[in-house]
1. Once phi is turned into ³J(HN,Hα) by the Karplus curve 6.51 cos²θ - 1.76 cosθ + 1.60 with θ = phi - 60°, what whole-Hz value does each residue of the stretch A:179-196 show in order, with x for glycine and proline?
2. Using each residue's phi in the stretch B:33-42, evaluate 6.51 cos²θ - 1.76 cosθ + 1.60 at θ = phi - 60° and report the 3J(HN,Hα) Karplus result to the nearest Hz, with x for Gly and Pro.
3. Quote the charge dipole size of the protein assembly as shown about the Cα centre in Debye, to the nearest 20; the model charges only the Cβ of Lys and Arg (+1) and of Asp and Glu (-1).
4. Can you tell me how the stretch B:33-125 classifies by the Cα gyration tensor, rounded, prolate or oblate, using a/c under 1.5 as the rounded cut?
5. What residues qualify as long-range amide H neighbours of residue B:12, i.e. H under 5 Å apart, gap of 5 or more or another chain, H built at 1.01 Å from N?
6. Which shape class applies to the stretch B:1-63: rounded if a/c is under 1.5, otherwise prolate when a/b exceeds b/c and oblate if not, where a ≥ b ≥ c are the square roots of the Cα gyration tensor eigenvalues?
7. What whole-number distance in Å separates the alpha-carbon centres of the stretch A:43-102 and the stretch A:1-30?
8. Please tell me the relative contact order of the stretch A:9-206 in percent, rounded to the nearest whole number, where contacts are Cα pairs under 8 Å and at least six residues apart.
2 protein chains.
Amino acid sequence: MTPRLGFERLVIATHNAGKLREISSLLAPYGLECMSAGELGLPEPDETGTTFVENALIKARAAAEGLGLPALADDSGLSVDSLGGRPGVYTADWAQRQWFEGEPGRDWYMAMGKVEGMLQAIGPVVDRAAQFNCVLAIAWPDGQSAVYEGVVRGSLVWPPRGDRGFGYDPVFVAEGKHETFGEMEPDAKHAISHRAQAFAKLVAEQFPR
Amino acid sequence: MTPRLGFERLVIATHNAGKLREISSLLAPYGLECMSAGELGLPEPDETGTTFVENALIKARAAAEGLGLPALADDSGLSVDSLGGRPGVYTADWAQRQWFEGEPGRDWYMAMGKVEGMLQAIGPVVDRAAQFNCVLAIAWPDGQSAVYEGVVRGSLVWPPRGDRGFGYDPVFVAEGKHETFGEMEPDAKHAISHRAQAFAKLVAEQFPR
């Protein structure tokens, strides 16, 4: 049986203030006191996994063991079919940073360009299908864990469109949509996004009515 | 015999204030009154050429014919050996804009990423040699013209380094140098750059001592 969070303190296994803010606000209705591993002085573990699940668990477990509290971590990224799933777990590395705060910046445009260059190098007619994955992992100090995953399929456009969202949002159009994630209203994006789906599963299991 | 500019008005065949500023300051010592084709209300011609020389001449001739004054145009770009000379005359198009003003921005990082993605798609060991070309063309209303070209050879690095210069400067290291054009002091870059070389040739012929 999956362990459950009570009304207690939860460590968000991130060193990024923006990520802490986003996750804290998503969990605010459930009576949890959120703190970040970074603020608590815990060093960042190496993300040595080869999957989103592995990396999310590495981060959640490091924080849970280091602090003796349940910890939640997020690992997410873009996988492009024609590139064998790249950048995948290297999504943030390709942008030379771990997480993006605020407006889309030059690092992410560099990464979008790199993906596009690889696609165009394949040839003029190339399958542009891609997906965003988000894995949320919760680890408890006693070694238990739970994992929640969200996926949204879509395809890549070029050039980037829209200034909303972050990361690869300006080049990603979800299946059945016309706007990129960078053009969509936040509420519209959050209705279908990989992260929203993962959070919905987490909430359904961790905070049943 | 190459026609010569007198002490007269010269149209800079550009619609970009930054380019006008740079060229005007380079020509200031020679007593020319510089105006931009854009400011004078001339529409921008389509750059339909397949070489830097063709495109520089298209721009210079359109301005000289349209305004009845001698006109100077600049066409320049990065050519990567392993990409068959791309982006070449499409250098600015890949960045989705005609000219970059100020700090390196996201459009240029997108273009740098695209070049890098294409190189990496070739394989882990790839010839990273590249060159910057600059062509300055002067056209006179009577149909005469003169062309001055500068080239600097070098190689591409990844990730980008340095916030100076513009365009692809942060990924270009000139032969015999270690810093990128984005890291070099402006004076050091201008001692060897493609644009400086083209201007030196123009000045030597147009304004002999």
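1. Rounded to whole hertz, the list is 7, 6, 4, x, 9, 6, 4, x, 5, 5, 5, 5, 6, 10, 5, 4, 5, 5.
2. Along the stretch B:33-42, the couplings run 8, 9, 10, 9, 4, x, 4, 7, x, 7 Hz.
3. 160 debye
4. Because a/c hits 1.5 or more and a/b exceeds b/c, the stretch B:33-125 counts as prolate.
5. B:35, B:36, B:37, B:72
6. Oblate, because a/c is 1.5 or more while a/b does not exceed b/c.
7. Value for the Cα centre distance between the two parts: 16 Å.
8. On the way: 383 pairs, mean separation 35.4, N = 198.
So the answer I get is 18 percent.
Readers should treat all values here as calculations from the given coordinates under stated rules, not as data from a laboratory. Because the structure is a prediction, the values reported are computed rather than measured. Counting neighbours? That spans all protein chains shown, and the Cβs are built from the backbone with ideal geometry, glycine included.
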